[in-house]
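Sharing a structure below in structure tokens format, with a few things to ask.
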Amino acid sequence: MITKEGILAVLQSDTYKPMSFKDLLNHMEVKSKRDRNEFKKIVDRMLSQGDVVKNKKGRYIIPPKDTYVKGTLQGHAKGFGFVIPEDAISGNDIFISANNLNGALDKDKVLVKVIKKTDKRDEGEIFQVLERGH
């Protein structure tokens, strides 16, 4: 049976190298059409929740915690915003310039990619809108 936990276990293993969807199917020995459809639904849900992302080559990876942060966007009237991380471990809020909002709006739950680390406040860009706030 295909589960989210089973897929995560493969992606988190020490020997995992980023794979395409087809390669993941073969690696996990998903054969039947029904199982492939179920696998696709699970992977799509994981993508939409930010548990998994595609790298620049379209291969699946677990987003590194020091680079990708889930949180809620707090928009500002001047066009920029701040992402308030879901977990306190991630630290302070992350500044998002107007150019890096990528269509995200106030109160959206987002996955932000940290592009600049500083002593005061990290700067990032919205990688993916996970859930609309309004």
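Which ones in the stretch 1-21 are open to solvent by less than 50 Å² (accessible area, probe 1.4 Å), over 19 Å from Gln49 (Cβ atoms) and part of a loop (DSSP other than H, G, I, E, B)?
Ser13, Tyr16, Ser20
Which residues, counting only those in the stretch 22-41, are closer than 23 Å to Val110 by Cα and either in a loop (DSSP other than H, G, I, E, B) or open to solvent by less than 70 Å² (accessible area, probe 1.4 Å) (or both)? Spell out how you get there, then give the answer.
Our first condition is that a residue be closer than 23 Å to Val110 by Cα; within the stretch 22-41, this holds for 40-41.
None - no residue of the stretch 22-41 is closer than 23 Å to Val110 by Cα and either in a loop (DSSP other than H, G, I, E, B) or open to solvent by less than 70 Å² (accessible area, probe 1.4 Å) (or both), so the list stays empty.
Does the stretch 9-25 hold any residues that are within 19 Å of Gly58 (Cβ to Cβ) and of a type outside the set (Asp, Glu), and which are they?
Restricting attention to the stretch 9-25, the residues satisfying the condition of being within 19 Å of Gly58 (Cβ to Cβ) are 10-11, 16-25.
Val10, Leu11, Tyr16, Lys17, Pro18, Met19, Ser20, Phe21, Lys22, Leu24, Leu25 - these are the residues of the stretch 9-25 that are within 19 Å of Gly58 (Cβ to Cβ) and of a type outside the set (Asp, Glu).
Considering only the stretch 109-132, I want to know if a residue exists there that is over 17 Å from Gly50 (Cα atoms), assigned to a loop (DSSP other than H, G, I, E, B), modelled with pLDDT of 95 or more and open to solvent by less than 40 Å² (accessible area, probe 1.4 Å).
No, every residue in the stretch 109-132 fails to be over 17 Å from Gly50 (Cα atoms), assigned to a loop (DSSP other than H, G, I, E, B), modelled with pLDDT of 95 or more and open to solvent by less than 40 Å² (accessible area, probe 1.4 Å).
Filter the stretch 42-98 down to the residues that are touching a residue at least 24 places away in the same chain (Cβ under 8 Å), exposed (fewer than 13 other Cβ atoms within 10 Å of the Cβ) and under 15 Å from Ile115 (Cβ atoms) and list them by number.
Asp66, the sole residue that qualifies.
The values are calculated or read from the model by the stated rules, or taken from the named source; none is laboratory data. Just so you know, these numbers come straight off a predicted model, no measurement behind them. No Cβ is skipped: glycine too gets one built from the backbone with ideal geometry, and neighbour counts run over all protein chains shown. Calculation scope for accessible area: heavy atoms of the full protein, side chains included, ligands and nucleic acids excluded. Shrake-Rupley method; radii C 1.70, N 1.55, O 1.52, S 1.80 Å.
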